[in-house]
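Below is one structure. I have some questions about it.
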Amino acid sequence: MEPTNAPAKPQFSEAAKAEIDRICKQYPAERRKSAMLPVLHIAQAEFGGWVAPEVQDLVAEVLGVKPIEVYEVSTFYTMFNLKPVGKHVLEICRTGPCQLRGSDELTMELERITGAKVGEGPSADGLFTLKEVECLAACGFAPVVQVREKYYEQLDTEASVNAMLSELRNMVHRPALPWEETGLPNAVANN
Amino acid sequence: MGRKLLTEHINVEGIDTIEVYRKHGGYRSVEKAIKTMTPDEVVEEVKKSGLRGRGGAGFPTGMKWSFLAKPEGVPRYLVCNADESEPGTFKDRQLMSKLPHLLIEGMITSSYALGANTSYIYIRGELLYVLRILEKAIAEAYAAGFLGKNILGSGYDLDLYVHPGGGAYICGEETALLESLEGKRGNPRNKPPFPAVQGLYARPTVVNNVESIAAVPVIVNDGGDEYAKIGIGRSTGTKLISACGHLNKPGIYEIELGVPVEEFIYSDEYCGGIWKGRDLKAVVAGGSSVPILPKELILKTAAGEPRLMTYESLSDGGFVTGTMLGSGGFIAMDETTCIVRNTWNFSRFYHHESCGQCSPCREGTGWLEKILHRIEHGHGTERDIDVLASVAKQIEGNTICPLGEAAAWPVSAAIRHFRDEFEWHIRHPQEATRPGAVYPGKAVLA
């Protein structure tokens, strides 16, 4: 029997659709698949910070490729979350230079304060997901955490860690989506 | 103070806007190249400059350009590799976010030289905020007539786009980057064919690092011969060094190639010495993939000469006593650093980032990580060191792309120079795994 309460198929907002159109024009018309990564970034930002299977199907539809072509990409690149995440995903750099300056201790401290565990689901309050990542290219300012597009650097004191967490806790509105802050006329780069 | 060719104006307020950038001489190279030079003349200047690829390989940029196939009626591409992800290397992010127009100017002048009408900057996905800075600057360049159709009335057209990656170190390898740009998994391609013949969309393509492209405006403005006067021997020009680890002043320094390593570490002009008044133990000089060197060998060559920050001096003695300049990712470690732990950390990185296409890399990096993990955690066996060295040896040269070597070299170099520390871990597991334990030195081992 067909389920009667199937969730509505996800749809991109008008703003996201316009952004996707702009991006697709950056590649030869027959190479629309090239827009895969940028469109996945938009999808992830638009649908709660992760790409559910039906979101990936939507990306396939928009790009005119088979769903498997999206799945093989989304599972390869570490930036795409395949499971639900908290409001803020804290990406803690654990690579050599950050480890030399105390990233292991930082990870333990963040687990203790937020109650979330690295690699597991969000904290009980739904605010934080902790994720250990490899090099964030900020080695001179270690240890480093990235939250969406913002880098929090030199998190080697209690004060700096607390400042980051309270800034995130006090963020009432959802963070801006990538295309909302560009201030770019959409057509500029496509003449 | 050394000359600054790329970063002279990096702290000028508003230098990320086209007005301020042009006030400081910005976009002169575009006007000069397009109005007064043929594309081949630009390539010739870059050849004369002796500029070597700043992404790590150090291959002469002008020569790379001259390999580009130029069949009639077929588009060709310039792709900027801004997928900076090598541990220890963070210069490109800084350069792009503070001086976006320098990269864009370099892209336009270079694209003109190569006859590319569409160019891409492939930037690592984590740097979405830098992507926005670049897109804003690109819009300004379009509005000023440096991009788009009929640039400066010359009949030359160029479109420039920024493309974000998705968090995969392997996409810094040029063919993996091209696969990724085509919307696929970042699996490196077999070479040949080289990108110069079949690159993006199977068209002739040049892939250059951010810093290499940023040097092109300087070379065009001042002439290749002038650029070649800076530096020593075949290491011409300036280089951005990103310094991190246990230094008093980590950060990004533009040096004239040829500065002594000792001066770079200890002088106040650069890193200001080792933090907390400690002694230096070891340095990884060119990003995590290059061999580690103990203090004695990084400061002086095997012949006892002062080691210099040049491609040649750092690699003096091959890998027995030398290392590589690589991408300029300079990681200093103080006397309390556990080399086993550090090597394990880097192996974990390479295992995590292996694309999995070739068995020696996919399986080998996992073995390296597992063996190093058990030595570091006090479960090593006497055979482990030889097995490690043997696995590293068997990865080398047996993979499609250089990620295999990048994973193997740090391990073999750590064993070569710090074997006694590995032995201490294996023979004295309880002492070695105590939190904060420091290898007490050879005397205790005996």
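The values are calculated or read from the model by the stated rules, or taken from the named source; none is laboratory data. Only a predicted model underlies this, so the values are computations on that prediction, with no experimental measurement involved. All Cβ positions, even for glycine, are placed from backbone atoms using ideal geometry, and neighbour counts span all protein chains on display. We work out accessible area using only protein heavy atoms, side chains counted, and drop any ligands, DNA or RNA first. Shrake-Rupley method; radii C 1.70, N 1.55, O 1.52, S 1.80 Å.
Among (1) away from chain A (no Cβ under 14 Å); (2) open to solvent by less than 40 Å² (accessible area, probe 1.4 Å), there is one condition residue B:88 misses while meeting the rest; what is its number?
Result: residue B:88 passes all but (1).
If residue B:132 satisfies all but one of (1) modelled with pLDDT of 95 or more; (2) assigned to a helix (DSSP H, G or I), what's the number of the condition it fails?
(1)
Would you mind finding the one in B:368, B:372 that is in a helix (DSSP H, G or I), more than 21 Å from residue B:172 (Cβ to Cβ) and touching a helix residue (DSSP H, G or I) at 6+ places or on another chain (Cβ under 8 Å)?
Result: B:372 is the single residue among B:368, B:372 that is in a helix (DSSP H, G or I), more than 21 Å from residue B:172 (Cβ to Cβ) and touching a helix residue (DSSP H, G or I) at 6+ places or on another chain (Cβ under 8 Å).
Yes/no per residue for (1) closer than 27 Å to residue A:134 by Cα; (2) under 19 Å from the mean Cα position of the chain (by Cα); (3) at pLDDT 95 or above; (4) not charged (D, E, K, R):
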| position | (1), (2), (3), (4) |
| --- | --- |
| B:289 | yes, yes, yes, yes |
| B:295 | yes, no, yes, no |
| B:312 | no, yes, yes, no |
| B:323 | yes, yes, yes, yes |
| B:327 | yes, yes, yes, yes |
| B:330 | yes, yes, yes, yes |
| B:339 | yes, no, yes, yes |
| B:350 | yes, yes, yes, yes |
| B:353 | yes, yes, yes, no |
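Separate question: Quick test for you: out of B:102, B:152, pick the one residue that is at pLDDT 95 or above, at positive phi and open to solvent by 10 Å² or more (accessible area, probe 1.4 Å). Reasoning before the result, please.
Numbers: B:102 fails: at positive phi.
Every option except B:152 fails the conditions.
If you don't mind, there's one more thing I want to ask. Among the residues of segment B:314-338, what is the count of those that are part of a helix (DSSP H, G or I) and buried (at least 22 other Cβ atoms within 10 Å of the Cβ)?
Qualifying residue count for the region: 1.
Taking segment B:171-195, which residues are open to solvent by 10 Å² or more (accessible area, probe 1.4 Å) and either farther than 21 Å from residue B:403 by Cβ or in a helix (DSSP H, G or I) (or both)?
The answer is B:172, B:174, B:179.
What are the pairs, 6+ residues apart or on separate chains, where a residue within segment B:324-353 that is more than 9 Å from chain A (Cβ to nearest Cβ) has its Cβ under 6 Å from a residue that is of a type in the set (Ser, Thr, Tyr)?
As it stands, the answer is B:324/B:315; B:325/B:311; B:327/B:89; B:350/B:365; B:351/B:365, since those pairs meet every condition given.
Another question, if that's okay. Here is a list of conditions, (1) under 21 Å from residue B:156 (Cα atoms); (2) without any contact (Cβ under 8 Å) to a residue 60 or more places away in the chain; (3) within 14 Å of another protein chain (Cβ to nearest Cβ), and residue B:107 meets all of them except one; can you say which number that is?
(2)
Next up: Suppose we keep only residues that are in a helix (DSSP H, G or I), of a type outside the set (A, V, I, L, M) and more than 11 Å from every other protein chain (Cβ to nearest Cβ) within segment A:36-63. Which one would you say is farthest from residue A:86 (Cα to Cα)? Quick ask: steps written out before the conclusion?
Initial filter on segment A:36-63 (in a helix (DSSP H, G or I)): A:36-46, A:53-63.
If we keep only those that are of a type outside the set (A, V, I, L, M) too, we end up with A:38, A:41, A:44, A:46, A:53-54, A:56-57, A:61.
Going one step further and asking which of them are more than 11 Å from every other protein chain (Cβ to nearest Cβ), we end up with A:46, A:53-54, A:56-57, A:61.
Working: A:46: 14, A:53: 18, A:54: 19, A:56: 20, A:57: 23, A:61: 27 Å.
Going through the qualifying residues, I end up with A:61.
So which residues in segment B:109-139 are closer than 15 Å to residue A:23 by Cα and acidic (Asp, Glu), if there are any at all?
B:135
What are the residues in segment B:152-163 that are under 21 Å from residue B:136 (Cα atoms) and either away from every other protein chain (no Cβ under 12 Å) or among the aromatic types (Phe, Trp, Tyr) (or both), if any?
B:152, B:161
Here's a check for you: in segment B:196-220, which residue that is part of a loop (DSSP other than H, G, I, E, B) and within 14 Å of chain A (Cβ to nearest Cβ) is surrounded by the fewest Cβ atoms within 10 Å (Cβ to Cβ)? Talk me through it step by step, then tell me what you get.
Our first condition is that a residue be part of a loop (DSSP other than H, G, I, E, B); within segment B:196-220, this holds for B:196-199, B:203-204.
When the remaining residues are screened for being within 14 Å of chain A (Cβ to nearest Cβ), the result is B:199, B:203.
Numbers: B:199: 26, B:203: 18.
Here the answer is B:203.
Would you mind finding the one in A:33, A:9, A:66 that is of a type in the set (Lys, Arg), at the interface with chain B (Cβ under 9 Å from one of its Cβ atoms) and open to solvent by 30 Å² or more (accessible area, probe 1.4 Å)?
Result: A:33 is the single residue among A:33, A:9, A:66 that is of a type in the set (Lys, Arg), at the interface with chain B (Cβ under 9 Å from one of its Cβ atoms) and open to solvent by 30 Å² or more (accessible area, probe 1.4 Å).
From (1) surrounded by fewer than 23 Cβ atoms within 10 Å (Cβ to Cβ); (2) out of contact with any His (no Cβ under 6 Å at 6 or more places or on another chain), pick out the condition that doesn't hold for residue A:143.
Looking at each condition in turn, residue A:143 falls short on (1).
Among the residues of segment B:228-250, which ones are among the β-branched types (Val, Ile, Thr) and surrounded by fewer than 23 Cβ atoms within 10 Å (Cβ to Cβ)?
B:230, B:232
Please find, among B:405, B:363, the residue that is acidic (Asp, Glu), over 15 Å from residue B:292 (Cβ atoms) and part of a helix (DSSP H, G or I).
Just a single option satisfies the conditions, and that option is B:363.
Here's something else I'd like to know. Among (1) more than 19 Å from residue B:134 (Cα to Cα); (2) surrounded by fewer than 16 Cβ atoms within 10 Å (Cβ to Cβ), where does residue B:53 come up short?
Only one criterion in (1) more than 19 Å from residue B:134 (Cα to Cα); (2) surrounded by fewer than 16 Cβ atoms within 10 Å (Cβ to Cβ) is unmet by residue B:53, namely (2).
Hey, can you tell me all the residues within segment B:53-77 that are within 21 Å of residue B:327 (Cα to Cα) and in contact with a Phe, Trp or Tyr (Cβ under 8 Å, 6 or more places away or on another chain)?
Within segment B:53-77, B:53, B:58 qualify.
A further question on this structure: Got a number for residues in segment B:213-271 being farther than 22 Å from residue B:110 by Cα and of a type in the set (Val, Ile, Thr)?
Looking only at that region, the number is 7.
Residue B:122 fails exactly one of the following numbered conditions: (1) surrounded by 24 or more Cβ atoms within 10 Å (Cβ to Cβ); (2) more than 14 Å from every other protein chain (Cβ to nearest Cβ); (3) of a type in the set (Phe, Trp, Tyr). What is the number of that condition?
Against the list (1) surrounded by 24 or more Cβ atoms within 10 Å (Cβ to Cβ); (2) more than 14 Å from every other protein chain (Cβ to nearest Cβ); (3) of a type in the set (Phe, Trp, Tyr), residue B:122 comes up short only on (2).
What are the residues in segment B:398-417 that are open to solvent by less than 20 Å² (accessible area, probe 1.4 Å) and touching a residue at least 60 places away in the same chain (Cβ under 8 Å), if any?
Passing the criteria: B:401, B:403, B:406, B:407, B:410, B:411, B:413, B:414.
Additional query: Residue A:79: at pLDDT 95 or above, buried (at least 18 other Cβ atoms within 10 Å of the Cβ), within 14 Å of chain B (Cβ to nearest Cβ) and farther than 27 Å from residue B:338 by Cα, yes or no?
On the way: at pLDDT 95 or above: yes; buried (at least 18 other Cβ atoms within 10 Å of the Cβ): yes; within 14 Å of chain B (Cβ to nearest Cβ): yes; farther than 27 Å from residue B:338 by Cα: yes.
Yes; evaluated as a whole, the condition is true for this residue.
Taking segment A:146-155 as the region of interest, how many residues are at pLDDT 95 or above and either open to solvent by 70 Å² or more (accessible area, probe 1.4 Å) or among the charged types (D, E, K, R) (or both)?
Residues meeting the conditions: 2.
Among the residues of segment B:128-148 satisfying the criterion of being facing chain A (nearest Cβ under 7 Å) and farther than 29 Å from residue B:407 by Cβ, which is most open to solvent (accessible area, probe 1.4 Å)?
B:136
Related question: Among the listed residues B:437, B:389, identify the single one that is assigned by the TED database to the domain that holds residue B:377 and in a helix (DSSP H, G or I).
On the way: B:437 fails: in a helix (DSSP H, G or I).
Criteria check complete, one pass: B:389.
Got at least one residue in segment A:122-131 being among the small types (Gly, Ala, Ser), more than 14 Å from chain B (Cβ to nearest Cβ), in contact with a helix residue (DSSP H, G or I) (Cβ under 6 Å, 6 or more places away or on another chain) and over 15 Å from residue A:103 (Cβ atoms)?
As a first pass, look at segment A:122-131 and keep what is among the small types (Gly, Ala, Ser): A:123-124, A:126.
Next, from what is left, pick out any that are more than 14 Å from chain B (Cβ to nearest Cβ): A:123-124, A:126.
Now narrow it down to the ones that are in contact with a helix residue (DSSP H, G or I) (Cβ under 6 Å, 6 or more places away or on another chain): A:123.
Checking the rest, the ones that are also over 15 Å from residue A:103 (Cβ atoms) come to A:123.
Looking through segment A:122-131, at least one residue is among the small types (Gly, Ala, Ser), more than 14 Å from chain B (Cβ to nearest Cβ), in contact with a helix residue (DSSP H, G or I) (Cβ under 6 Å, 6 or more places away or on another chain) and over 15 Å from residue A:103 (Cβ atoms).
Within segment B:375-386, track down each residue that is assigned to a loop (DSSP other than H, G, I, E, B) and touching a residue at least 12 places away in the same chain (Cβ under 8 Å).
The answer is B:377, B:378, B:379, B:380, B:381, B:382.
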